[in-house]
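Participant: I'd like to ask you about the structure that follows.
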Amino acid sequence: MNLRRTRQGTSDLAALDGKTFSLDKAMTLVSFVLLFVIVFIPIFMIVYNAFFYEGRLDIEMFKTVVFSQDNISAMTHTVIIGLSVTVVGTIIGLFYAWLLGRSDIPCKNLMRALFMIPYMFPPFFGAMAWDMLLSGRGGYVNTWLMNTFHLTTPPFNINSLGGIIFVEVSYYFPFVFMQVVSALERMDPTLEESARIAGASQGTVIRKITIPLVTPAISAGALLILISSLAHFGVPAILGFSKQIYTLPTVIYAYIDRAGGSFEGIRQGAALSILLVFVVTMALILQKVVLSSGSYDIIKGKSMRPTLIKLRGAKYPLLLLAVLTLVLIVLVPLIMIFLEGLVKAYGLPLIPANFTLDNFHNIITSKQTMDAIQNSLFLSISAGILCMFLGVMIAYVVIKIKPKGKEILEMLSVLPYSIPGTVLAIGVILSWSGQLGISLYNTIWIILVAYMARYLSFSMKSASASLQQVHPSLEEAARACGASHTESLKDITLPLIRPAMVAGFFLIFLPSMRELTTSILLYGPYTRTLGVQIFALRDSGQIPQASALAAVAICIIIICKCFLSCLYSLVCIIRLIKILRKLDSIITCSLSLIIREINNIRLLIICIEFQIAITLHTSTYWKQLTDDNIFLHTKQRVNLAIDS
């Protein structure tokens, strides 16, 4: 019934503009067309080319590729790494979310901000750093330990499944941490208090009350970890290639690289992509089963603050553990990348005598590197801006217009991030390499299309949450006062959701700036991105130069984020000043009107006093009223009444 009223209201508002084809219908049509082009077609082309060849069903190639012994091994490695990273990352993220969200640990806000840092930097930067520290006999830490303690074998080996899992966990556990810490802070504290009153211990409360209630947040974060780990290319490529440890993304890259861009190599990559889609589908089904097994209403309609758990003697040991974790996963890799970028050659001791700025100079003056930086900035900013507006449009259609098939629209917008980036890259290659009459292959535009499809859901979800808080009556009031649909959107809706739009831009800009998994399959001779250039330098043995460029990339990411944040703050301040000026003029005008009306009221009351005197025909009262003292007393009484 409400949906019917909303549609009727939308039609009535469209009629106010005197248009048969309303703006709502135009936005709905554009949303469906865009998602069909950038999402549905690539996914369809993957399935079609994996099982069909020249219009005929062909499953022989699929069976040959999928059941190859090497590919089965790669599939096994992919599943082992994905599941291990998911389990360990979920446990670590859940522990620190509880520690910083529900305990009285010191420096809580600072620690929460620091635990977000791994999200800003690509995991393959960490793989580069740990490879330089712990790679067999060549790693700096292993070399120092062997020389100091006279060991015959290196004590650590980062070039293994365990090493890949360790590095990916270091950068993916914040997915669970960010989801769970927010849920814990909104949870009704009476649920845990009731369990304690009933005699349950703290461990029992956490195990049977807290964790089950935040299961949706845990499952959402764990699913993000699983999808990211299954599709990740950089860490397995850096740490696994030297030891013949392959995963499906690295095998897909090898197929396409060996084929030299031939269609057969792309078809083989599409066949392997089906396996990744199958694993992710199983994970989605498992998440749905877990969430359907119970009720998870943890937010009540009243203000509440969860009870903080007293850590007592464990407070500072746990604080030390959190600091050591941050040092291990954030500080050590960053310092190693910057130091290695300064050495004259890889393997030299990290002492000032071996430091030079030549690596940074060569990187900055290299045309190929500067082109890569320009390409990444162009792609990141373009994808951020385009996805920001497209995401808002799709969210508006889904939340406000609610056309038939809005569920399909919402599913298509979220689907690209629910499948591995490697799979999406294969689909984009198959779609826009000439088969459909349009060839974007080896151009920067094919990467931009992939980024838009990949990160559109970020902006769409961010805008949807804000649009749900904007009541339809605001827009309807503007339309009823004569504003067109475009004016009501521009002056009412968009300003109210501007913070969500900016948040969506940053959610897209940061991952796009450091992206490698999708770009490594799509770049051409002149369209290398920053991540691809760093990987290429490292792959060719120029490790100090790759580290120097990685250090430059880190600085660029930090500077861009700070600059855009300051720019947005400046825009907000300017807009606030304009609003205050308008408010000041409105208040001044209103005060002058109020003062004028008060004076009119005073005169009216005095006139009433005179009229009463005349009506009573009493000369005594007339004499008293005309007396100056009595007249002044009357005016004071009137003023006092008005002031009160």
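The values are calculated or read from the model by the stated rules, or taken from the named source; none is laboratory data. Computed from a predicted structure; not experimentally measured. Glycine also receives a Cβ, built like all others from the backbone with ideal geometry; neighbour counts cover every protein chain displayed. Surface areas here come from the heavy atoms of the whole protein model, side chains and all, with no ligands, DNA or RNA. Shrake-Rupley method; radii C 1.70, N 1.55, O 1.52, S 1.80 Å.
Participant: Per-residue HN-Hα couplings for the stretch 385-395, Karplus 6.51 cos²θ - 1.76 cosθ + 1.60 at θ = phi - 60°, whole Hz, x for Gly and Pro?
Facilitator: Karplus-based 3J(HN,Hα) across the stretch 385-395 equals 5, 5, 5, 4, 6, 5, x, 5, 4, 5, 5 Hz.
Participant: Which value in nm describes the separation of the simple spin-label points at VAL33 and ILE80, placed 7 Å from the Cα toward the beta carbon?
Facilitator: The modelled label-to-label distance comes out at 5.1 nm.
Participant: Structure shown: which of LYS404/LYS490; LYS108/LYS315; LYS108/LYS561; LYS490/LYS561 lie over 20 Å apart, alpha-carbon to alpha-carbon?
Facilitator: Distance filter (> 20 Å) returns LYS404/LYS490; LYS108/LYS561; LYS490/LYS561.
Participant: Taking K and R as +1 and D and E as -1, what net charge do the other residues with C-beta under 13 Å from the C-beta of ALA237 add up to?
Facilitator: Numbers: positive: LYS243, ARG538; negative: ASP131, GLU168, ASP257, ASP539.
Here the charged neighbours net out to -2.
Participant: Would you mind getting the Kirkwood hydrodynamic radius of the stretch 523-579 from its Cα pairs, rounded to one decimal in Å?
Facilitator: By the Kirkwood definition, the hydrodynamic radius is 13.7 Å.
Participant: Check ASP58: other-chain or 5+ apart residues with amide H under 5 Å from its amide H, H built from backbone geometry?
Facilitator: Amide H neighbours of ASP58: PHE52, TYR53.
Participant: Keeping all protein chains in the complex and leaving out DNA, RNA and ligands, what accessible area do you get for HIS77 with a 1.4 Å probe, in Å² to the nearest 10?
Facilitator: Roughly 40 Å² of HIS77 is accessible to a 1.4 Å probe.
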